[in-house]
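Colleague: Provided herewith is a single structure, encoded as structure tokens, for subsequent inquiry.
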Amino acid sequence: MPIVSLERIEGLAFAALTKHGASEAQARALATGIAAAERDGLVSHGLMYLPTYCEHLTCGKVVGAAEPVLSQAAPGALVVDAGNGFAHAAIDLGFSRLPDLARAQGVACLAVRNSYNCGALGYHTERLARSGVLALGFTNAPASIAPWGGSKPALGTNPWSLAAPDGAGGARFVIDQSASVVAKSEVMKRARAGDPIPAGWAFDASGAPTTDPAEALKGTMAPAGGYKGVGAALMVEMFAACLAGANPGLVASPFSGPAGGPPGTGQFFLAFDPGPISGGGFASRLEIVAAAFTGGAHLPGARKFAARENTRAGVNVDDATLAKVEALA
């Protein structure tokens, strides 16, 4: 597999997105996120997803010329209407004010509505942590998890993420996990490759466990921790859909394929200024907790941080993916 520089990855993604109808602002925000996913080893959120982004621009599931609109709904509450464009540009606009507002008030929130798949949620919360705030993020998705005891999808895989600042312009750790055993993009990746999925990841349309990714995509995802995963998905739905004013997963169109109009899903972020709230002892208490993660025990996000050290010169991209991306660009 060829080694491709991160600059080239971002350039190819930007070219493909603008060629298929995205404005420069929309394309730049997403292309930067795609390059970051490749840098961190999150292949399912990187170039592999670019053909879907381009397809959705072409079929109208994403409005390529959308201009997100920022408003302040309350003293500590920001709202961005993404206008059915890509989530990344809308989140960028909200983040231009969220950290400062959190520092001014101690805590602030950002709701994003009429949005789309935001890729790796931890990419966004980590950026907030690097600005010095403790960040909690939620993003909902089209329904693919059944309620505990049920068989029909009611909630999305609905990731949540927590990123803590290290006090030196970085993130001490980043948790990014979905309410399902695994992100649905991982099942999609194996379906494209024709590889089976591990037992326990998903159920087929009849509710039976399956290792066939194609059948899994027709059925439901398995919630992480059984009924606890359903509870996590419901929590995310309350923030990212109900509170953000976005479409619940039950009525959102799929993040894959051309069926339906814009998904209209949402994101929600909470930002806290840890200094005044904690009485000044946040960093020292954080280190007490972090010190337990030694030897073979890694803080969440450690593998991603380590991957960055190995991708400074570029990342391996398989020939088929690179050829497809170059054709799109």
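Colleague: Among the candidates Glu67, Glu24, Glu38, single out the residue that is closer than 29 Å to Leu134 by Cβ and of a type in the set (Asp, Glu). First the steps, then the outcome.
Modeller: Numbers: Glu67 fails: closer than 29 Å to Leu134 by Cβ; Glu24 fails: closer than 29 Å to Leu134 by Cβ.
Answer to the check: Glu38.
Colleague: How many of the residues in the stretch 214-273 are part of a strand (DSSP E or B) and either without any contact (Cβ under 8 Å) to a residue 12 or more places away in the chain or within 27 Å of Arg192 (Cβ to Cβ) (or both)?
Modeller: Selection size over the stretch 214-273: 5.
Colleague: Give me the pairs, please: first residue somewhere in the stretch 191-207 and within 16 Å of Trp148 (Cα to Cα), second residue anywhere and assigned to a helix (DSSP H, G or I) and at pLDDT 90 or above, beta-carbon distance under 6 Å, and either six or more positions apart or on two chains.
Modeller: Ala202/Ala216; Asp204/Glu215
Colleague: Moving on. Which of the residues belonging to the stretch 104-140 are of a type in the set (A, V, I, L, M, F, W, C), touching an Asp or Glu at 6+ places or on another chain (Cβ under 9 Å), crowded, with 22+ Cβ neighbours inside 10 Å and in a strand (DSSP E or B)?
Modeller: As a first pass, look at the stretch 104-140 and keep what is of a type in the set (A, V, I, L, M, F, W, C): 104, 107-112, 118, 120-121, 128-129, 133-136, 138.
In the following step, the residues that additionally are touching an Asp or Glu at 6+ places or on another chain (Cβ under 9 Å) were identified as 104, 107-108, 112, 120-121, 129, 133-135, 138.
Keeping just the survivors that are crowded, with 22+ Cβ neighbours inside 10 Å gives 108, 112, 120-121, 129, 133-135, 138.
Passing the criteria: Ala108, Val112, Leu134, Ala135, Phe138.
Colleague: From the list Leu70, Leu93, Leu101, which one is surrounded by fewer than 24 Cβ atoms within 10 Å (Cβ to Cβ), in a helix (DSSP H, G or I), out of contact with any Lys or Arg (no Cβ under 6 Å at 6 or more places or on another chain) and free of Cβ contacts under 8 Å to residues at least 60 places away in the same chain? First the steps, then the outcome.
Modeller: Numbers: Leu70 fails: in a helix (DSSP H, G or I); Leu101 fails: free of Cβ contacts under 8 Å to residues at least 60 places away in the same chain.
Only one candidate passes the filter, namely Leu93.
Colleague: Here's a follow-up. Out of (1) surrounded by fewer than 21 Cβ atoms within 10 Å (Cβ to Cβ); (2) aliphatic (A, V, I, L, M); (3) assigned by TED's automatic domain parsing to the domain that holds Leu6, the odd one out for Val79 is which?
Modeller: (3)
Colleague: Any idea how many residues of the stretch 40-49 are of a type outside the set (Asp, Glu), over 14 Å from Tyr116 (Cα atoms) and crowded, with 21+ Cβ neighbours inside 10 Å? Working first, answer last.
Modeller: Quick first cut of the stretch 40-49, residues of a type outside the set (Asp, Glu) only: 41-49.
With over 14 Å from Tyr116 (Cα atoms) added as a condition, the list becomes 41-44, 46-48.
Add one more test, that the residue is crowded, with 21+ Cβ neighbours inside 10 Å, and what stays is 42, 46-48.
Within the stretch 40-49, residues that are of a type outside the set (Asp, Glu), over 14 Å from Tyr116 (Cα atoms) and crowded, with 21+ Cβ neighbours inside 10 Å number 4.
Colleague: Give the residue that is modelled with the lowest pLDDT, with candidates limited to residues of the stretch 141-199 that are buried (at least 17 other Cβ atoms within 10 Å of the Cβ) and among the hydroxyl-bearing types (Ser, Thr, Tyr).
Modeller: Ser185
Colleague: Against the definition (assigned to a helix (DSSP H, G or I), loosely packed, with under 12 Cβ neighbours inside 10 Å and basic (Lys, Arg)), how does Arg303 come out, yes or no?
Modeller: Values: assigned to a helix (DSSP H, G or I): yes; loosely packed, with under 12 Cβ neighbours inside 10 Å: yes; basic (Lys, Arg): yes.
Judged against the criteria, Arg303 is a match.
Colleague: Among residues belonging to the stretch 306-329 that are under 21 Å from the mean Cα position of the chain (by Cα) and of a type in the set (Gly, Ala, Ser), point out the one that is surrounded by the fewest Cβ atoms within 10 Å (Cβ to Cβ).
Modeller: Once the filter is applied, the top-ranked residue is Ala306.
Colleague: Limited to the stretch 1-26, what total is found for residues that are outside any helix (DSSP H, G or I), more than 11 Å from Phe86 (Cβ to Cβ) and either small (Gly, Ala, Ser) or without any contact (Cβ under 8 Å) to a residue 24 or more places away in the chain (or both)?
Modeller: As a first pass, look at the stretch 1-26 and keep what is outside any helix (DSSP H, G or I): 1-5, 20-23.
If we keep only those that are more than 11 Å from Phe86 (Cβ to Cβ) too, we end up with 1-5, 20-21.
Still in the running and either small (Gly, Ala, Ser) or without any contact (Cβ under 8 Å) to a residue 24 or more places away in the chain (or both): 5, 21.
Final tally of qualifying residues: 2.
Colleague: On to the next question. Restricting the search to the stretch 52-67, which residues are assigned to a helix (DSSP H, G or I) and either charged (D, E, K, R) or surrounded by 15 or more Cβ atoms within 10 Å (Cβ to Cβ) (or both)?
Modeller: Applying the first criterion (assigned to a helix (DSSP H, G or I)) to the stretch 52-67 yields 52-59.
Answer for the stretch 52-67, where residues must be assigned to a helix (DSSP H, G or I) and either charged (D, E, K, R) or surrounded by 15 or more Cβ atoms within 10 Å (Cβ to Cβ) (or both): Thr52, Tyr53, Cys54, Glu55, His56, Leu57.
Colleague: When you look at Ala29, is it part of a helix (DSSP H, G or I) and touching a Leu at 6+ places or on another chain (Cβ under 8 Å), yes or no? Don't jump to the end; show me each part of the working.
Modeller: Numbers: part of a helix (DSSP H, G or I): yes; touching a Leu at 6+ places or on another chain (Cβ under 8 Å): no.
No.
The values are calculated or read from the model by the stated rules, or taken from the named source; none is laboratory data. Computed from a prediction, not measured in an experiment: that's the story for all the values here. A quick note on method: Cβ atoms are made from the backbone with ideal geometry, for glycine too, and the neighbour counts reach across all protein chains shown.
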